[in-house]
Amino acid sequence: MIGVVMTRLARCLWSKRQVFAIMLSGTFCTLAFAHYGWVVAAPALSVFREPRLACAETQFDCGEVPLDRKLVEHDFVIRNTGWQPLHLTAKPACGSCSTVKLSKDDIAPGDTSVLTVTLHLRQMKKGKFNKHVLLNTDAPRSPQVVFAIRGTAI
């Protein structure tokens, strides 16, 4: 959107002979104004065509869970709201107490993936717990997202 606006602005100012240089690179559109002696740099359209991660929730509270239940499982839905494919890798932050599974490692623009986190309660003691999962992405604005499952083992 900004790239389109900058292009229209450049055409308008060029017709009035106030712009002496327009430089387009991979990330910025630079306009140099000869009459006023200043330079404006704005993000080009390619910057807005990046993958973007969106999640409805990053924390889940499972409340009180009896230890004889053995497993607690929760699904986190991840959506790519950007314009490029989103690449994901997930790993538990707490070692062997949980397992992680992604329904898709690569999410197309507008598509979703499900991150399933399973806690193994047989390895826990009674009391409060707060377990984390790290999701690494290639989205520039959110390269790493932490998901948490918390509760009380009774």
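Among the listed pairs K70/K128; K101/K128; K101/K126; K70/K104; K70/K101, which are separated by more than 21 Å between their Cα atoms? Before the final figure, lay out each step's value.
Details: K70/K128 15 Å; K101/K128 24 Å; K101/K126 26 Å; K70/K104 26 Å; K70/K101 18 Å.
Table pairs above 21 Å Cα-Cα are K101/K128; K101/K126; K70/K104.
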(request) Please list, or write none, the aspartates and glutamates whose alpha carbon is within less than 14 Å of the alpha carbon of K125, excluding same-chain residues fewer than 8 places away. (result) E64, D68
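Just order 113-119, 51-57, 125-131 by mean Cβ neighbour count inside 10 Å, highest at the front, would you? Show your work: numbers first, answer last.
Numbers: 113-119: 18.9, 51-57: 15.6, 125-131: 12.0.
Result, highest mean first: 113-119, 51-57, 125-131.
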(request) Starting at the first residue of the range 82-91, write each ³J(HN,Hα) from the Karplus equation 6.51 cos²θ - 1.76 cosθ + 1.60 with θ = phi - 60°, in whole Hz, x for Gly and Pro. (result) x, 9, 10, x, 10, 9, 10, 9, 10, 8
(request) Extending each Cα 7 Å along its Cβ direction at E50 and K104, get the distance between those two points in nm, one decimal. (result) 2.1 nm
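If you add up the charges near L86, with Lys and Arg at +1 and Asp and Glu at -1, over every other residue whose beta carbon is less than 11 angstrom from its beta carbon, what do you get? List each step's numbers first, then the result.
Details: positive: R52, R79, K104; negative: E50, D105, D106, D111, D138.
Here the count lands on -2.
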(request) Collect residues whose amide H, placed 1.01 Å from N in the peptide plane, falls under 5 Å from the amide H of G82; neighbours closer than 5 in sequence don't count. (result) R52, G110
(message) Please report the net charge: other residues with Cβ closer than 10 Å to the Cβ of L53, K and R +1, D and E -1.
(response) +2
(request) Extending each Cα 7 Å along its Cβ direction at Q59 and L71, get the distance between those two points in nm, one decimal. (result) 2.7 nm
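Throughout, read-outs are computed from the coordinates displayed, never taken from laboratory work. Worth saying up front: this structure is predicted, and the values here are computed from it rather than measured. So basically every Cβ, Gly included, is an ideal-geometry build from the backbone, and we count neighbours across all protein chains shown.
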